[in-house]
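> Below are the structure tokens for one structure; questions will follow.
The values are calculated or read from the model by the stated rules, or taken from the named source; none is laboratory data. Note that the coordinates shown come from a computational prediction; the quantities given were computed from them, not determined experimentally. Cβ sites come from the backbone with ideal geometry, for glycine too, and all protein chains shown count toward neighbours.
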Amino acid sequence: MSNVRRRVSPRKPRRFAFVKVDVFSARALEGNQLAVFLDARGLRDSEMQALAREMNLAETTFVLPRSRAVETKRGVKVRIFTVQEELEFAGHPTLGTAFVLRKANQPEVALDLKAGRIPVRFEDLNGKLFGEMVQRDPVMGSFHDKAAVARAAGLEPGDIDPDLPIQTVSTGLPFAMVPLRSLDVIRSFNPSWKRMAEYVEPTDAKFLYFVTRQTVDPKARLHARMIFYNGEDPATGSAAGCCAAWMVAHGVARSDERVLIEQGLEIRRPSRIFVRASRTGNEIVNVRVGGNVVKLMRGEVLL
């Protein structure tokens with residue numbers, strides 16, 4: 001019997017590069033964090049979900065490169081995952097991924113998401129690169145009972161702004177806009193995610209987005225908070241787009257007026273989200289959400 005042992009070559013690890021960015025901020029270590037995997041070809045769905053959990057951010061995106069002809073026509077294919085599920089659309093991952101993919105002097109990057117083709121246009125604003133996505137035209141949904149929402153959020157009925165409605169709006173992901181009476185109310189309340197999830201489950205909304213017309217920055221139109229299943233979201237671009245439509249529909253902003261929403265201050269991740277929408281007759285269209293992005297780090301995952 002031969003004593004020669006066969007050598008087994010170790011399997012070479014698969015390497016997947018990623019970039020981490022801060023979205024809706026012009027300063028590093030602020031805004032909403034995002035990991036972008038630059039070439040996710042070869043990753044299974046379960047591996048993408050596991051990597052999103054490993055990153056433990058609000059969202060992680062996976063770029064799936066295709067031929068130049070296909071990308072020119074349809075956009076760059078991108079998938080978006082939270083720590084729990086894949087999303088058809090989300091705002092800060094769309095903006096952040098477009099910044100990462102943009103080549104020098106490229107005026108527009110279009111992403112092919114499950115929600116459809118979303119273009120992101122770039123301009124120089126106050127000496128910094130600014131990106132603005134055009135979201136799907138909004139679907140204006142149902143109105144909510146203020147007392148019921150207050151109970152679900154652990155608020156008093158008087159904490160709700162009496163002059164504005166609670167309404168579901170969707171530009172790809174449905175949010176109920178919940179206007180609160182004051183900055184003190186929105187900064188001090190501590191809602192239960194479980195109770196809010198139980199409330200929205202039978203409705204046409206997926207999440208509640210809390211806003212108030214009192215702001216920290218006098219240049220901002222609204223102060224916002226968004227409670228997510230893995231904590232509080234520093235900046236919610238999808239909700240901000242819905243909010244732009246809601247503002248124009250209910251007179252908080254004028255048609256095509258670009259206004260600032262501040263978010264994330266309570267968790268020390270200040271974010272600046274610029275939004276606008278157009279009114280055409282009785283319809284709200286052309287929802288745009290923009291901001292800055294800072295590239296923070298590069299890395300590689302070995303699987």
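> Residue check: is MET247 within 15 Å of PRO270 (Cα to Cα) and either part of a strand (DSSP E or B) or out of contact with any helix residue (DSSP H, G or I) (no Cβ under 9 Å at 6 or more places or on another chain) (or both)?
No.
> Of all the strands (runs of 3 or more DSSP E) wholly in segment 253-303, which have at least 3 residues that are of a type outside the set (Lys, Arg) and in contact with a helix residue (DSSP H, G or I) (Cβ under 6 Å, 6 or more places away or on another chain)? Explain how you work it out, then say what you get.
Values: elements: 259-263, 271-280, 283-291, 293-302.
Ranges flagged: 271-280, 283-291.
> Here is a further query. Name the single residue, out of those in segment 36-66 being among the hydrophobic types (A, V, I, L, M, F, W, C), surrounded by 18 or more Cβ atoms within 10 Å (Cβ to Cβ) and touching a Lys or Arg at 6+ places or on another chain (Cβ under 8 Å), that is nearest to VAL109 (Cα to Cα).
Looking at the filtered set, the residue picked out is VAL63.
> Tell me whether segment 196-208 contains one or more residues that are at pLDDT 95 or above and within 26 Å of ARG102 (Cα to Cα).
Residues of segment 196-208 that are at pLDDT 95 or above, as a first pass: 196-208.
So of that shortlist, the ones also within 26 Å of ARG102 (Cα to Cα) come out as none.
No, every residue in segment 196-208 fails to be at pLDDT 95 or above and within 26 Å of ARG102 (Cα to Cα).
> Now a separate question. Here are the criteria: (1) in a strand (DSSP E or B); (2) polar (S, T, N, Q); (3) out of contact with any Pro (no Cβ under 7 Å at 6 or more places or on another chain). Tell me which single one THR61 does not satisfy.
Tallying (1) in a strand (DSSP E or B); (2) polar (S, T, N, Q); (3) out of contact with any Pro (no Cβ under 7 Å at 6 or more places or on another chain), THR61 fails exactly one: (3).
> When you scan segment 222-243, do you find a residue that is out of contact with any helix residue (DSSP H, G or I) (no Cβ under 9 Å at 6 or more places or on another chain) and more than 26 Å from ALA115 (Cα to Cα), even just one?
no
> Within segment 88-95, is even one residue surrounded by 20 or more Cβ atoms within 10 Å (Cβ to Cβ), touching a helix residue (DSSP H, G or I) at 6+ places or on another chain (Cβ under 7 Å) and either among the aromatic types (Phe, Trp, Tyr) or on the phi > 0 side of the Ramachandran plot (or both)?
yes
> One residue is enough: does segment 121-128 have a residue meeting the conditions of a type in the set (A, V, I, L, M) and at pLDDT 95 or above? So that I can check it myself, show each step before the final result.
So in segment 121-128, the residues of a type in the set (A, V, I, L, M) come out as 125.
Now narrow it down to the ones that are at pLDDT 95 or above: none.
Taking every residue of segment 121-128 in turn, none turns out to be of a type in the set (A, V, I, L, M) and at pLDDT 95 or above.
> Take the residues in segment 130-165 that are assigned to a helix (DSSP H, G or I) and in contact with a Pro (Cβ under 7 Å, 6 or more places away or on another chain), then tell me which one is nearest to ARG102 (Cα to Cα).
Just the residues of segment 130-165 that are assigned to a helix (DSSP H, G or I), to begin with: 146-153, 157-159.
Next, from what is left, pick out any that are in contact with a Pro (Cβ under 7 Å, 6 or more places away or on another chain): 146-147, 150, 153.
On the way: LYS146: 43, ALA147: 46, ALA150: 43, ALA153: 40 Å.
So, considering only residues that are assigned to a helix (DSSP H, G or I) and in contact with a Pro (Cβ under 7 Å, 6 or more places away or on another chain), the one nearest to ARG102 (Cα to Cα) is ALA153.
> Could you please let me know if GLU300 is closer than 16 Å to ASP217 by Cα, surrounded by fewer than 19 Cβ atoms within 10 Å (Cβ to Cβ) and among the acidic types (Asp, Glu)?
Here the answer is no, as GLU300 does not meet what is asked.
> Could you check, for segment 8-16, whether at least one of its residues is within 20 Å of ASN292 (Cα to Cα), in a strand (DSSP E or B) and at pLDDT 95 or above?
Keep residues of segment 8-16 that are within 20 Å of ASN292 (Cα to Cα), which gives none.
No, there is no match, as no residue in segment 8-16 is within 20 Å of ASN292 (Cα to Cα), in a strand (DSSP E or B) and at pLDDT 95 or above.
> Select from segment 246-297 the residues that are among the small types (Gly, Ala, Ser) and either surrounded by 20 or more Cβ atoms within 10 Å (Cβ to Cβ) or in contact with a His (Cβ under 6 Å, 6 or more places away or on another chain) (or both) and write down the one among them that is nearest to ARG225 (Cα to Cα).
My answer is GLY264.
> Looking at segment 195-235, which of its residues are surrounded by fewer than 16 Cβ atoms within 10 Å (Cβ to Cβ), outside any loop (DSSP other than H, G, I, E, B) and over 21 Å from the mean Cα position of the chain (by Cα)?
If the condition is that a residue be surrounded by fewer than 16 Cβ atoms within 10 Å (Cβ to Cβ), outside any loop (DSSP other than H, G, I, E, B) and over 21 Å from the mean Cα position of the chain (by Cα), then ARG195, GLU198 are the ones that fit.
> I've got another one for you. Among the residues of segment 177-194, is there at least one that is buried (at least 21 other Cβ atoms within 10 Å of the Cβ), touching a Phe, Trp or Tyr at 6+ places or on another chain (Cβ under 8 Å) and at positive phi?
no
> Go through PRO165, PRO174 for me and flag whichever is at pLDDT 95 or above, crowded, with 20+ Cβ neighbours inside 10 Å and not hydrophobic (A, V, I, L, M, F, W, C).
On the way: PRO165 fails: crowded, with 20+ Cβ neighbours inside 10 Å.
Exactly one of PRO165, PRO174 is at pLDDT 95 or above, crowded, with 20+ Cβ neighbours inside 10 Å and not hydrophobic (A, V, I, L, M, F, W, C), namely PRO174.
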